[in-house]
Amino acid sequence: MARVYNFSAGPSMLPERVLAKAASEMLDYEGSGQSVMEMSHRSKEYEAIINGCEALLREVMSIPDNYKVLFLQGGASSQFAMIPLNLLNGSGKADFVITGQWATKAYQEASRYGECHVVASSRDQTFSYIPKLDKSTFTPDADYFHICLNNTIYGTVYHELPDTGKIPLVADISSCALSQPVDVSKFGMLYAGAQKNMGPAGLTVVIIREDLLGHARENTPTMFNYVTHSENGSMYNTPPTYAIYICKLVLEWLKNDIGGLKSMQAINEKKAKLLYEFLDGSKLFRGTVVPEDRSLMNIPFVTGNDELDKKFVTEAKAAGFVNLKGHRSVGGMRASIYNAMPVEGVEKLVAFMEKFERENA
Ligand SMILES: *Cc1c(COP(=O)(O)O)cnc(C)c1O
């Protein structure tokens, strides 16, 4: 069996142990005589899976008791509408920091429902940095303040959170969830599409402080109201059963094999350092993000020559390093090195880049 090193931004690699366990349970989950895919979501077996997944997520992320965990569908992109429908109903105002495409989409969608302010943007430099924020420009009576914590396309991350005081901070953590510890209590709400670091596509995880529930607009569709899902244990309708099961296996791997988020962070830092140190010393390649805002998860880089970039991506693919082509808005390359990318995958990529540099100097 030849598995590639997959540097895709998402869907992305899953831990091999998780895949092997899922394969071993495919036809008969714990003596039930069925696959998890075939099970009633109301069955005892399945109830244990979804409850187990939530309990593990709470434990691994140290989620305080006054936060609800919701397992939804529709991707992080549906949250761009669900958030204003549920939260933008006090002053009707919200603040946004524009740090890339996802942050822009969240802002544009929310703007359909209320008065949305751009507090700062890094668009002037192709989102290659996190803008400095001036608290005096924040809307004092905003219903929420939205950020995209890790910018998947551009490879930036907030190393320091904006201080929004009493205004609930809402963060898209799709591409950095579970990559390192976060202090959940600093946020009103966190949300993530699962397909980067948590499991397969089809599952969206929302972590929301209880007092933010119950303020949805009158005409909010039932399925788009957080209360519908929080009151029904994410079982108002059929949840994405198999994706939740895989997420549970990923959390078991994180807890038991990795040793939790602190250990995961150390591994992620080690991987990112390998690649950034190489990029900083290279005469051919360079990273596109200012050093102080660099992401641990998504690392864009270029040679400065489109033809050479193309050659690199092609040769890398032939050598077993796939999905290294950068997003069309940045060009060049991007290595997404989520939790499941082994250290060895990054070491081998760096060795391959060294060889490419020698051959193409
Ligand atoms: C991938 C991604 C999204 C989009 O997620 P979907 O689940 O495809 O809707 C949104 N925000 C961020 C930060 C992402 O990385």
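The values are calculated or read from the model by the stated rules, or taken from the named source; none is laboratory data. What you see is a predicted model, and the numbers here were worked out from it, not measured in a lab. All Cβ positions, glycine included, derive from the backbone under ideal geometry; neighbour counts span all protein chains shown.
Could you tell me which of the residues 88, 14, 56 is buried (at least 22 other Cβ atoms within 10 Å of the Cβ) and under 15 Å from residue 250 (Cα atoms)? Let's see the steps before the verdict.
Working: 88 fails: under 15 Å from residue 250 (Cα atoms); 56 fails: buried (at least 22 other Cβ atoms within 10 Å of the Cβ).
Going through 88, 14, 56 in turn, just one is buried (at least 22 other Cβ atoms within 10 Å of the Cβ) and under 15 Å from residue 250 (Cα atoms): 14.
Which ones in region 202-227 are touching a strand residue (DSSP E or B) at 6+ places or on another chain (Cβ under 7 Å) and within 16 Å of the ligand (Cβ to nearest atom)?
Result: 203, 204, 205, 206, 207.
Could you check how many residues of region 86-107 are under 18 Å from residue 224 (Cβ atoms) and within 16 Å of the ligand (Cβ to nearest atom)?
Number satisfying all stated conditions: 2.
Would you mind stating whether residue 159 is under 16 Å from the mean Cα position of the chain (by Cα), touching a residue at least 24 places away in the same chain (Cβ under 8 Å) and under 20 Å from residue 226 (Cα atoms)?
Working: under 16 Å from the mean Cα position of the chain (by Cα): yes; touching a residue at least 24 places away in the same chain (Cβ under 8 Å): yes; under 20 Å from residue 226 (Cα atoms): no.
When the stated conditions are applied, residue 159 does not pass them.
Of all the residues that make up region 55-81, how many are away from the ligand (no atom under 16 Å from the Cβ) and touching a residue at least 40 places away in the same chain (Cβ under 8 Å)?
Counting residues in region 55-81 that are away from the ligand (no atom under 16 Å from the Cβ) and touching a residue at least 40 places away in the same chain (Cβ under 8 Å) gives 12.
Here is a list: 39, 26. Which entry is over 24 Å from residue 226 (Cα atoms), surrounded by 15 or more Cβ atoms within 10 Å (Cβ to Cβ) and not assigned by TED's automatic domain parsing to the domain that holds residue 297?
Going through 39, 26 in turn, just one is over 24 Å from residue 226 (Cα atoms), surrounded by 15 or more Cβ atoms within 10 Å (Cβ to Cβ) and not assigned by TED's automatic domain parsing to the domain that holds residue 297: 39.
What are the residues in region 277-297 that are part of a helix (DSSP H, G or I) and surrounded by 18 or more Cβ atoms within 10 Å (Cβ to Cβ), if any? Steps first, answer last, please.
So the first thing to find is which residues in region 277-297 are part of a helix (DSSP H, G or I), and the list is 277-281, 291-293.
Hits for region 277-297 are 278, 279, 293.
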